[in-house]
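Engineer: Take a look at this one; I'll ask things after.
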Amino acid sequence: MNTQQNILRVFHQKFGHAPTHLARAPGRVNLLGEHVDYNDGLVLPAAIDRATYVAFSPTDTPHTSLFAADFVDQVFFTPTNLSAKLQSDNSPLPDWAKYPAGVAWALTEKNMPVKNMQAVFASDVPRGAGLSSSASVELAFALAWMTLGGWKLSPMELALTCQRAENKYVGVNCGIMDQFASACGEKNKLLLLDCRSLEYQTLPLPKDVAIVIADTSVRRELTNSAYNDRRAACEEALNILKKHLPDIKSLRDVSVIDFNRLAKRLPAQIEKRARHVVEEIERTSRAVTLLQNGDTAGFGKLMNDCHASLRDLYEVSVPELDVMARLAQSLPGCYGARLTGAGFGGCVASLVARGQAEAFAKNLADGYESETRLQPEIYICEASDGAGLIL
Ligand code: GLA
C-alpha cells in the first residue's frame, strides 16, 4: 500500500469517515546552486516524485486534531493560538508538530483565517536526507488550510509563509529554495530561481537523462548549528568585503574577479566559505547556459566541481557522501554527481544517461555497500509538479 492509500485508510479509522480532501507536496532535489539561496544567488532545483500527503476534513470541534501516521502520534491544538507552542491541554507540541503548527501560526500572523480540521499525514520523503521533507510537510499543510479557509495565496507566497514558519517558529534559519521548489515544481522541469528577485523560470530536463538519487543512509546531528555557522561566515565575509566594495548588498554582488583581488583580506576559513558562494553563483549561471545549449556533459562537469567545492571549501560533506559521489562520477553513463541539499549526510544526486540509469543505480549501490558496509537507498527520480490537491 502506498503512502497516499495508507493515510486514507488511517483517516477513516481515526475519524470514522472519509476525508473531504487530500493534499500533496513534494520534496526536492537541487542540481546546482548549493548554499547560495541565503546569499541572493541562483538555484536550480526540481520537485521530486516523493511527497508528503495530508488527508483532511473541516470540523466543528474547537481544536484541530492531527495524527502523524509516520510517528504514530496525535496532537490537538487551536490553530489561532499557537505562539506558546502548546497543545489544547497545555502540553508542549512535539517536534514533528511544530512544522504544521508553525504554518498555522505564520498564516494567522498574515491574517489568513486558519480553520480547525481533522487531519492525518505521512510522507515518503526520507527525513534528514537533504530532500526537503520539512518543506514538503509545510507546503502540504499550507495548502490544506488554504483549501478550508477560502482565501488564496500564490505558490510563491505560500512558500514564503512556510519559510517564515520554519525560520521563526521551528527555529531553522533556512533560505527559500526548498519551500519554493515544493510549491512551484513542474513535471519534467528544472526550476531556475533568482533568490534575490524571486523571479523564476522552468527549464526542460536534458533529453534522455535521468536524475538518480542515492541516499547514503548517513544522518548527522548538529546540522542546524553547522548550517548557521556557514550563514554567519557569509555575513562576516560580506561585512569585510563591503569596506572595499561599498555597493554590495550580498555575496551575489561580488564577481569572481573582485573576489580574487580581495580574498587575502579575509581570514582563511571565511575566505574558503565565501569563495564557494561566489564561485557557485557564477557556476550556476554558466551551467544554465550549457543546459540551454544542450551541453549535458559540460553541465555534469560543473556538478562535479560543485561537489569538490562543497567538500573542500564549504566543508559540508562527510566521507560517505564523498565515497558515493566519487563512485557515481566514475560509472558509465554518469554526466555528473554531487551531494544535494545542506550536506552533513543525506543524498548524492547524479545526472545519468537514461538508458544506463538502472545499471548505474545497481552498480552504485553495490560499490557503496562494499566500500562502506552501509546499505544505501538508490532510486531513479522523476521531476514532479509542486504542491496540489489530489482530492
Ligand atoms: C537547506 C536549506 C536551503 C538551502 C540548502 C543549501 O536545504 O533549507 O534553504 O540553503 O540547505 O543549499
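The values are calculated or read from the model by the stated rules, or taken from the named source; none is laboratory data. None of these values were measured; they are calculated from a predicted model. Counting neighbours? That spans all protein chains shown, and the Cβs are built from the backbone with ideal geometry, glycine included. Just so you know, the surface numbers come from the protein's heavy atoms only, side chains and all, with ligands and any DNA or RNA stripped out. Shrake-Rupley method; radii C 1.70, N 1.55, O 1.52, S 1.80 Å.
Engineer: Could you list, in sequence order, the residues of the range 304-343 that are within 14 Å of the ligand (Cβ to nearest atom), of a type outside the set (D, E, K, R) and in contact with a Gly (Cβ under 9 Å, 6 or more places away or on another chain)?
Structural biologist: Once the filter is applied, which keeps residues that are within 14 Å of the ligand (Cβ to nearest atom), of a type outside the set (D, E, K, R) and in contact with a Gly (Cβ under 9 Å, 6 or more places away or on another chain), the range 304-343 yields 306, 307, 310, 314, 316, 317, 321, 339, 340, 341, 342, 343.
Engineer: Being modelled with pLDDT of 95 or more and farther than 27 Å from residue 167 by Cβ narrows it down to one of 240, 270, 257, so name that one.
Structural biologist: Going through 240, 270, 257 in turn, just one is modelled with pLDDT of 95 or more and farther than 27 Å from residue 167 by Cβ: 257.
Engineer: Check whether at least one residue in the range 362-381 is touching a Lys or Arg at 6+ places or on another chain (Cβ under 9 Å) and β-branched (Val, Ile, Thr), and report yes or no.
Structural biologist: Yes: the range 362-381 contains one or more residues that are touching a Lys or Arg at 6+ places or on another chain (Cβ under 9 Å) and β-branched (Val, Ile, Thr).
Engineer: Of these, 72, 43, 36, which one is at negative phi and out of contact with any Leu (no Cβ under 6 Å at 6 or more places or on another chain)?
Structural biologist: 36
Engineer: Continuing with the same structure: Just checking, how many residues over the range 335-346 are surrounded by fewer than 24 Cβ atoms within 10 Å (Cβ to Cβ) and touching a strand residue (DSSP E or B) at 6+ places or on another chain (Cβ under 8 Å)?
Structural biologist: The total comes to 1.
Engineer: I need a count of the residues in the range 5-46 that are away from the ligand (no atom under 15 Å from the Cβ), within 30 Å of residue 194 (Cα to Cα) and open to solvent by 30 Å² or more (accessible area, probe 1.4 Å).
Structural biologist: 1
Engineer: Right, here's the next one. Inspect the range 222-244 for any residue being within 26 Å of residue 351 (Cβ to Cβ), in contact (Cβ under 8 Å) with a residue 24 or more places away in the chain and β-branched (Val, Ile, Thr) and give the result as yes or no.
Structural biologist: Yes, the range 222-244 contains at least one residue that is within 26 Å of residue 351 (Cβ to Cβ), in contact (Cβ under 8 Å) with a residue 24 or more places away in the chain and β-branched (Val, Ile, Thr).
Engineer: Name the single residue that is farthest from residue 41 (Cα to Cα) among those in the range 251-269 being open to solvent by 10 Å² or more (accessible area, probe 1.4 Å) and under 25 Å from the mean Cα position of the chain (by Cα).
Structural biologist: Filtering first and then ranking leaves 253.
Engineer: Right, something else. Return the residues of the range 47-56 that are open to solvent by less than 10 Å² (accessible area, probe 1.4 Å) and in contact with a helix residue (DSSP H, G or I) (Cβ under 7 Å, 6 or more places away or on another chain); say none if nothing qualifies.
Structural biologist: Listed by number, the residues that qualify are 47, 51, 52, 54, 55, 56.
Engineer: Looking only at the range 57-79, filter to residues that are closer than 29 Å to residue 377 by Cα and among the hydrophobic types (A, V, I, L, M, F, W, C); which one of those is surrounded by the fewest Cβ atoms within 10 Å (Cβ to Cβ)?
Structural biologist: That would be 72.
Engineer: Output the helices (runs of 4 or more DSSP H) that fall wholly within the range 263-360 and possess 2 or more residues being basic (Lys, Arg) and in the same structural domain as residue 237 (by TED's automatic domain parsing), or say none.
Structural biologist: 268-292, 296-312
Engineer: Which residues, counting only those in the range 51-78, are over 22 Å from residue 95 (Cα atoms) and either assigned to a loop (DSSP other than H, G, I, E, B) or within 16 Å of the ligand (Cβ to nearest atom) (or both)?
Structural biologist: Within the range 51-78, 59, 60, 61, 62 meet the criteria.
Engineer: Let me ask you something else. Scan the range 106-116 for residues that are open to solvent by less than 40 Å² (accessible area, probe 1.4 Å) and either assigned to a helix (DSSP H, G or I) or basic (Lys, Arg) (or both) and report the count.
Structural biologist: Residues that pass the stated criteria total 2.
Engineer: Also, quick follow-up: Is it the case that residue 235 is within 15 Å of the ligand (Cβ to nearest atom) and closer than 26 Å to residue 107 by Cα?
Structural biologist: Criteria not met by residue 235.
Engineer: What tally of residues in the range 148-180 results from selecting those that are open to solvent by 30 Å² or more (accessible area, probe 1.4 Å) and among the aromatic types (Phe, Trp, Tyr)?
Structural biologist: Counting residues in the range 148-180 that are open to solvent by 30 Å² or more (accessible area, probe 1.4 Å) and among the aromatic types (Phe, Trp, Tyr) gives 1.
Engineer: It is to be established whether one or more residues within the range 125-136 are open to solvent by less than 30 Å² (accessible area, probe 1.4 Å), part of a helix (DSSP H, G or I) and touching a helix residue (DSSP H, G or I) at 6+ places or on another chain (Cβ under 7 Å).
Structural biologist: Yes, there is a match, as at least one residue in the range 125-136 is open to solvent by less than 30 Å² (accessible area, probe 1.4 Å), part of a helix (DSSP H, G or I) and touching a helix residue (DSSP H, G or I) at 6+ places or on another chain (Cβ under 7 Å).
Engineer: If you take the residues of the range 181-223 that are within 14 Å of the ligand (Cβ to nearest atom) and not in a loop (DSSP other than H, G, I, E, B), which of them is surrounded by the most Cβ atoms within 10 Å (Cβ to Cβ)?
Structural biologist: Result: 182.
Engineer: Continuing with this model, one more query. Report yes if residue 165 is more than 30 Å from residue 294 (Cβ to Cβ), within 15 Å of the ligand (Cβ to nearest atom), in a helix (DSSP H, G or I) and in the same structural domain as residue 41 (by TED's automatic domain parsing), otherwise no.
Structural biologist: Yes.
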